[in-house]
C-alpha cells in the first residue's frame, strides 16, 4: 500500500530541498494530477518547487496533464531498486501500466524534471535509499 504521508509530506520536502531539481524546473508552472489506483493527488508546481499537493476526490479537477496508474504499479516504481520495466515512466507507458493524458507540452518539455520528481520518493528524507 502506498504511504500517503510520503507523497503529501516527504516528497515536497525532498523535491524542494533538491537545488538541482528546483533549478531544472525553474521555468515551470503547472498542475499535475497523479492518480494512484483510486486516489488522486493534485501537484501545484511553481518555479521548480512543489507549492502544495492536494489529496482528494475532485469532481472537476483543473490540471494540465495527468499520470494514471494502478497502486501496485506505483509501489513497484517507488521501490528503492525497482524491477525491470518499472524503473522509468516510459517503461511503464510502453507496458501500458501508465497513462499520460492532457496537455503534454509541460510534461515533455520538462521530462527529466518529472522523472526525477517522481523518482525522488524512492529516497528517504535524509537522502539515503530506503
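The values are calculated or read from the model by the stated rules, or taken from the named source; none is laboratory data. This structure is a prediction, so every number in the text was calculated from the model and none was measured. Quick reminder, even Gly has a Cβ in these numbers, built from the backbone with ideal geometry, and neighbours come from all protein chains shown.
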Filtered residue count, region 73-96, keeping only those that are farther than 25 Å from residue 18 by Cβ and under 15 Å from the mean Cα position of the chain (by Cα):
0
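Quick test for you: out of 98, 117, 112, pick the one residue that is under 23 Å from residue 26 (Cα atoms), surrounded by 12 or more Cβ atoms within 10 Å (Cβ to Cβ) and modelled with pLDDT of 95 or more. Lay out the reasoning, then the answer.
On the way: 98 fails: under 23 Å from residue 26 (Cα atoms); 112 fails: surrounded by 12 or more Cβ atoms within 10 Å (Cβ to Cβ).
After ruling out the rest, the residue left standing is 117.
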Flagged in region 42-83 as assigned to a loop (DSSP other than H, G, I, E, B), surrounded by 13 or more Cβ atoms within 10 Å (Cβ to Cβ) and either touching a residue at least 60 places away in the same chain (Cβ under 8 Å) or at positive phi (or both), in numbering order, are 48, 78
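Among the residues of region 5-27, which ones are surrounded by 14 or more Cβ atoms within 10 Å (Cβ to Cβ) and assigned to a helix (DSSP H, G or I)?
Passing the criteria: 6, 7, 8, 10, 11, 12, 14, 15, 16, 21, 22, 24.
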